[in-house]
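Data block below; observations after.
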Amino acid sequence: MRIAVIAAVIAAAFAGQAMAQGKPAAKSAPAAKAVTPAKPSLAQQAAEGDVAAQLELGQSLLNGGKGIKKNPTEAAQWLALAASNGKSEAAILLANGHEQGWFGKRDPAAAAEWWYRAGDLGDAEARQRFLTLYLDGQTESIGGPAGVRWLEQMAAQDNTRAILALGRIYEFGEGMVVDHAKAQRWYRIAAIAGNVEAQFRLGSMLLAEPAAWRLLFKDIGREKDNTERDRLYPTRDAAEQAAGTDRWIDIMRPGMIHGEYWLTKAALRGHPQAALMLGEAYLGGRDLPFDLGQAMRWLSAAAIAGEPHAMKLLADLAASGQGLFAPDPVRAWVNYELAASAGLKDAEDARDKLAKGMSARQLSRGRQIAGDLRGN
């Protein structure tokens, strides 16, 4: 009660003072309300570089929702922007979308690019998916050093497909610098484990190695003390300059023996290209010592397996009588015909040329044999 009386007295005093001055008491102005700025839309945030917004907008456009109309084409653009800014989730959505056809026609190659991007951003499952597409032939590019590194990790787990792929990458320089030593190393791992394709590839690489030269003493008695017998010179000129007057140069093919070994192993297991390569090498006498018997053996094996080039070579031999007692035009015509049927144009030309010198009976016999071999 006292407090109320005191308050009334103070109020009266202030009122009296104001009246004494002849001025009315001023009224206080109403407080201004604070204006809250409008929240930017999802599209505005995305356009201003907000990566999370770019991902969210892409998802919304892809599926429709949150008041946003479904638009897969525009979704792909925003997801690509988010992925390029480091969002692996966006790259994964793009990869799945291209695989499943969310953005139009299915595109495994485009999917592989986005799986690679997601893998490069650290997603382990994306790396595995990319490698699967690559090994299945759905994309031609390994993507670069990172892809090769992932493939090497897979190969280290004894994955034969990965090992063969690494060999091919280094042999032909697919996404990497050509490195034949590394290619042979990977092929050898699979070849020793018994993979016939690796045996063929390793053998063909070894057989194709360039020639080299070594130096031998003209005096055979000194050869036992030749400490430089295994030193190889890359060119004939280099070897001749180093030979002096007491040594002579001997040409060497470093991969000849091992190349023959691996190709033979592959050919014995039915690899037609290995058999063809052996047959050509024995017939040519350059990559391997000339051996007509071995040439015919392996060319025949390749021809039986359906290699048209082997059929053509056997036809050439039969037409000239090499490896036979005499020329055999019927046998030659049959092989030319089979090779021509497989699409070999020069075999077709050789067949027609040979036919001009054959009798009607010989041609009839040749057609009958060719038909029987084709199962007609």
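Evaluate region 104-112: report whether one residue or more is of a type outside the set (Phe, Trp, Tyr), buried (at least 19 other Cβ atoms within 10 Å of the Cβ) and either part of a loop (DSSP other than H, G, I, E, B) or in the same structural domain as residue 62 (by TED's automatic domain parsing) (or both). The answer is yes; a qualifying residue exists. Applying a threshold of 7 Å to beta carbon distances and a minimum spacing of six or more residues, or different chains, the list of pairs starting in region 50-72 at a residue that is over 21 Å from residue 104 (Cβ atoms) and ending at one that is of a type in the set (Ser, Thr, Tyr) and surrounded by 17 or more Cβ atoms within 10 Å (Cβ to Cβ) reads 66/60. For region 241-259, a residue qualifies if it is among the charged types (D, E, K, R), farther than 19 Å from residue 184 by Cβ and either touching a Pro at 6+ places or on another chain (Cβ under 7 Å) or modelled with pLDDT under 90 (or both), and exactly one does: 250.
The number of residues in region 239-259 being within 43 Å of the chain's Cα centre (by Cα), in a helix (DSSP H, G or I) and farther than 30 Å from residue 200 by Cβ comes to 2.
Is it fair to say residue 42 is closer than 20 Å to residue 89 by Cβ, in contact with a strand residue (DSSP E or B) (Cβ under 9 Å, 6 or more places away or on another chain), surrounded by 15 or more Cβ atoms within 10 Å (Cβ to Cβ) and among the hydrophobic types (A, V, I, L, M, F, W, C)? Spell out how you get there, then give the answer.
Numbers: closer than 20 Å to residue 89 by Cβ: yes; in contact with a strand residue (DSSP E or B) (Cβ under 9 Å, 6 or more places away or on another chain): yes; surrounded by 15 or more Cβ atoms within 10 Å (Cβ to Cβ): yes; among the hydrophobic types (A, V, I, L, M, F, W, C): yes.
Yes; evaluated as a whole, the condition is true for this residue.
Total residues in region 315-345 satisfying the condition of being farther than 20 Å from residue 296 by Cα and of a type in the set (D, E, K, R): the figure is 1.
Going through (1) more than 30 Å from residue 223 (Cβ to Cβ); (2) of a type in the set (D, E, K, R); (3) touching a residue at least 60 places away in the same chain (Cβ under 8 Å) one by one, residue 287 falls short only on (1).
Within region 306-331, residues that are without any contact (Cβ under 8 Å) to a residue 24 or more places away in the chain have Cβ atoms under 7 Å from residues that are among the acidic types (Asp, Glu) and assigned to a loop (DSSP other than H, G, I, E, B) in these pairs: 318/328, counting only partners at least 6 apart in sequence or on another chain.
Within region 165-182, does at least one residue satisfy the condition of being in contact with a His (Cβ under 8 Å, 6 or more places away or on another chain), touching a residue at least 24 places away in the same chain (Cβ under 8 Å), buried (at least 17 other Cβ atoms within 10 Å of the Cβ) and under 22 Å from residue 253 (Cα atoms)? Within region 165-182, one or more residues are in contact with a His (Cβ under 8 Å, 6 or more places away or on another chain), touching a residue at least 24 places away in the same chain (Cβ under 8 Å), buried (at least 17 other Cβ atoms within 10 Å of the Cβ) and under 22 Å from residue 253 (Cα atoms).
Within region 339-376, the set of residues being closer than 16 Å to residue 316 by Cβ and in contact with a Lys or Arg (Cβ under 8 Å, 6 or more places away or on another chain) comprises 339, 340, 344, 346, 347, 350.
If you go through region 331-357 and keep only what is among the aliphatic types (A, V, I, L, M) and crowded, with 17+ Cβ neighbours inside 10 Å, you end up with 332, 334, 338, 339, 340, 344, 347, 350, 354. Is it the case that some residue within region 269-288 is acidic (Asp, Glu) and over 32 Å from the mean Cα position of the chain (by Cα)? Checked against the condition, which is being acidic (Asp, Glu) and over 32 Å from the mean Cα position of the chain (by Cα), region 269-288 yields no hits at all. Residue-level analysis places residue 65 outside the set of residues that are exposed (fewer than 14 other Cβ atoms within 10 Å of the Cβ), touching a helix residue (DSSP H, G or I) at 6+ places or on another chain (Cβ under 9 Å) and within 23 Å of residue 113 (Cβ to Cβ).
The values are calculated or read from the model by the stated rules, or taken from the named source; none is laboratory data. No experiment lies behind these values; they were computed from the predicted model shown. Positions of Cβ are backbone-derived with ideal geometry, glycine not excepted, and every protein chain shown enters the neighbour counts.
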